[in-house]
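Here is the structure we will look at.
The values are calculated or read from the model by the stated rules, or taken from the named source; none is laboratory data. Just so it is clear, the structure is predicted and the values come from calculations on it, not from any experiment. Glycine gets a Cβ as well: all are built from the backbone with ideal geometry, and neighbour counts include every protein chain shown. We work out accessible area using only protein heavy atoms, side chains counted, and drop any ligands, DNA or RNA first. Shrake-Rupley method; radii C 1.70, N 1.55, O 1.52, S 1.80 Å.
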Amino acid sequence: MVSISIVCLLSLFLLLPSPTITAVFNYKSALSKSLLYFESQRSGHLPHTQRATWRHHSGLADGLQQGVDLVGGYYDAGDHVKFGLPMAFTVTMLSWGAAEYGEQIAAAGEDRHVLEAIKWGTDYFVKAHTEANVLWAEVGDGDTDHYCWQRPEDMTTPRQAYKIDTNKPGSDLAGETAAAMAAASIVFRKSDPHYSHLLLHHAQQLFEFGDKYRGNYDKSVEKVRSYYGSVSGYMDELLWAALWLHRATGKREYLDYAVANGLYFGGTEWAIKEFSWDVKFAGIQVLAAKILLMEEEALPESHQKVLQQYRAKAEHYICSCLNKNNNGSNVLRTPGGLLFVRPWNNMQYVSTAAFLLTIYSDYLTAASEKELHCDEGTVRAADLLDFAKTQADYILGNNPNGLSYLVGFGRRYPTRVHHRGASIVAYKESQGFIGCTQGYDEWYSRTKPNPNVIIGAIVGGPGLRDEFLDERGNYMQTEACTYNTAPMVGVFAKLHSLAQTHLSKGSLPLLSKKNAGRLKRLGS
């Protein structure tokens, strides 16, 4: 039997042809590329440090018609509307990842980039919150925008801006934006205390506005209904905002709010199998469970009882992802092992699940509770992280198609992403105006790969049978969204840190016993 070094084994492993084998991925590269993606989605006047060089300034007159400065922020996906609700959720998830894994992100050399990604969103929210009870909800019109296929630099579609106020409330939007700013205030607390305080001030005002003037924002801004309608209503966002404000301020009043409204608002009642820009219950329940697990403060018995109810629902979500619930209340999986919630942009639910599983594993471990109990048996905290890793690895290429769904990562990834800017020659290369129909005729219908690689974007992903068609017109699978990538920033940072720890101990990173055994046999 010939002995082969760890380096040689690792090289052999990376060259294994079967995509169903657990792979060893460069999570640091995945983290870096994920953060680069947000620069591709920037609206407004781009800084000289812009790394996605195929992009240029756009939306420089946003808000001008309404007499307000709404320049900046993010485009949510492959179009050019600035939708407030998914943008705020994106920033909340980026901030949550940075709050949990800031040290790991810094160790990977990406602390500046994560702060920049968050701040590009929060700077816009500060602008959009023009009065205590006014928040600008949207810039652009989804209907007219989708009739055009143009670069953002060439936009000719209307840039009408829409707001919520006391006459047209939007508690869900106000709540999510409050959550984003509260979470971001935690991240900036040490590096920029003044900015952190500013964000917290806006967060508190927005929460009060959303709570006092209750209503769904899609009833006040009807234009958004076909694109980001609030199916779950506003109660989850108010609980979400309250818990983030409690974490940011330490004030008992916000926790009291979440406890008092847990039953009525559904936080302790809804057993959910998804976590998304619309449905926040699973995230709320995990945040509430953390307070209980960490024993962060002395709580009356009444509070502990309600937090236990939150925790039970959080663990229902965790168990549903692990296929450990009974009565058919588990999340479906593809044959390749990917969580599957619905055909349209399924990866958004995969990335949020991977994030919640990762942090809940950490919470359990920190609380010295190494396991939780599901209907179908006990699972260890380590099992949660292991499964989160399978989802991350599937995204990065360990799947039946051998395809990375993180654009720009690995040797094979989608090249015809449904994205206007990426699919048309870069503005800096060709500044000739490209009109609405011209874009469709000359660029959308092309079968060639996009001229610009939108690095770090996580596309909608494969269907229930792991099938994937890399075509620009297949927007259900090839369009990418900011809230797909945002949760994975924290996950990749955690996995990179673990991989470094394993390597420093002289072992292969994060290999199951089965695959480690296969490597040993290959080296025999």
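Here are some notes:
- Picking from residues in segment 124-143 that are assigned to a helix (DSSP H, G or I) and in contact with a helix residue (DSSP H, G or I) (Cβ under 9 Å, 6 or more places away or on another chain), the one that is nearest to TRP54 (Cα to Cα) is TYR124.
- Those residues of segment 404-425 which are open to solvent by 20 Å² or more (accessible area, probe 1.4 Å) and farther than 23 Å from HIS146 by Cβ, in sequence order: GLY410, ARG411, ARG412, TYR413
- Selection status of SER320, out of contact with any Gly (no Cβ under 7 Å at 6 or more places or on another chain), open to solvent by less than 50 Å² (accessible area, probe 1.4 Å), in a helix (DSSP H, G or I) and more than 18 Å from MET488 (Cα to Cα): yes
- Taking each residue of segment 106-123 that is over 15 Å from SER196 (Cβ atoms) and looking for partners that are open to solvent by 50 Å² or more (accessible area, probe 1.4 Å) with beta-carbon atoms closer than 7 Å, six or more apart or interchain, yields ALA108/LYS28.
Residues are listed down the side, and each one gets a yes or a no for (1) closer than 28 Å to THR482 by Cα; (2) among the aromatic types (Phe, Trp, Tyr); (3) within 24 Å of the chain's Cα centre (by Cα):
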site: LEU239; (1), (2), (3): yes, no, yes
site: ALA242; (1), (2), (3): yes, no, yes
site: GLY250; (1), (2), (3): no, no, no
site: GLU253; (1), (2), (3): no, no, no
site: VAL259; (1), (2), (3): no, no, no
site: GLY262; (1), (2), (3): no, no, no
site: ALA271; (1), (2), (3): yes, no, yes
site: PHE275; (1), (2), (3): yes, yes, yes
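- Extreme residue, surrounded by the fewest Cβ atoms within 10 Å (Cβ to Cβ), among residues of segment 374-390 that are closer than 13 Å to GLU315 by Cα and touching a helix residue (DSSP H, G or I) at 6+ places or on another chain (Cβ under 7 Å): ASP375
- Selected residue (criterion: nearest to LEU36 (Cα to Cα)) from residues of segment 403-442 that are of a type in the set (Phe, Trp, Tyr) and within 29 Å of the chain's Cα centre (by Cα): PHE409
- On the stretch given as segment 32-69, residues that are assigned to a loop (DSSP other than H, G, I, E, B) and either of a type in the set (D, E, K, R) or more than 23 Å from the chain's Cα centre (by Cα) (or both) total 18.
- The set of residues in segment 236-250 being among the aliphatic types (A, V, I, L, M) and more than 19 Å from HIS197 (Cβ to Cβ) consists of LEU238, LEU239, ALA242, LEU243.
- Residue tally, condition assigned to a strand (DSSP E or B), within 27 Å of ARG465 (Cα to Cα) and open to solvent by 10 Å² or more (accessible area, probe 1.4 Å), over segment 328-373: 3
- Checklist (1) open to solvent by 40 Å² or more (accessible area, probe 1.4 Å); (2) in contact (Cβ under 8 Å) with a residue 60 or more places away in the chain; (3) in a loop (DSSP other than H, G, I, E, B) applied to THR157, failing item: (1)
- Qualifying residue in segment 268-284 (condition: assigned to a loop (DSSP other than H, G, I, E, B), among the small types (Gly, Ala, Ser) and open to solvent by 10 Å² or more (accessible area, probe 1.4 Å)): yes
- Any hit, segment 124-136, residues being buried (at least 23 other Cβ atoms within 10 Å of the Cβ) and among the acidic types (Asp, Glu): no
- Subset of segment 376-419 [free of Cβ contacts under 8 Å to residues at least 24 places away in the same chain and either farther than 30 Å from SER445 by Cβ or of a type in the set (A, V, I, L, M, F, W, C) (or both)]: THR378, ARG380, ALA381, ALA382
- Hits in segment 43-65 (condition: closer than 24 Å to TRP136 by Cβ and basic (Lys, Arg)): ARG55
- Among the residues making up segment 451-464, those that are within 24 Å of the chain's Cα centre (by Cα) and either closer than 20 Å to ARG151 by Cβ or assigned to a loop (DSSP other than H, G, I, E, B) (or both) are ASN452, VAL453, ILE454, ILE455, GLY456, ALA457, VAL459, GLY460, GLY461, PRO462, GLY463, LEU464.
- Only one of the listed residues (PRO414, PRO400) is in contact with a strand residue (DSSP E or B) (Cβ under 6 Å, 6 or more places away or on another chain) and at pLDDT 95 or above. That residue is PRO414.
- Filter result (part of a loop (DSSP other than H, G, I, E, B) and touching a Pro at 6+ places or on another chain (Cβ under 7 Å)) within segment 406-423: VAL407, THR415, ARG416
- Considering only residues in segment 432-450 that are outside any helix (DSSP H, G or I) and in contact with a helix residue (DSSP H, G or I) (Cβ under 8 Å, 6 or more places away or on another chain), the one that is most open to solvent (accessible area, probe 1.4 Å) turns out to be PHE433.
- Of the residues TYR234, TYR254, TYR217, the single one that is over 28 Å from ASN327 (Cα atoms), in contact with a strand residue (DSSP E or B) (Cβ under 7 Å, 6 or more places away or on another chain), surrounded by 20 or more Cβ atoms within 10 Å (Cβ to Cβ) and of a type outside the set (Val, Ile, Thr) is TYR217.
- Of all residues making up segment 54-92, the number that are among the aliphatic types (A, V, I, L, M), surrounded by 24 or more Cβ atoms within 10 Å (Cβ to Cβ) and either out of contact with any Phe, Trp or Tyr (no Cβ under 8 Å at 6 or more places or on another chain) or free of Cβ contacts under 8 Å to residues at least 12 places away in the same chain (or both): 1
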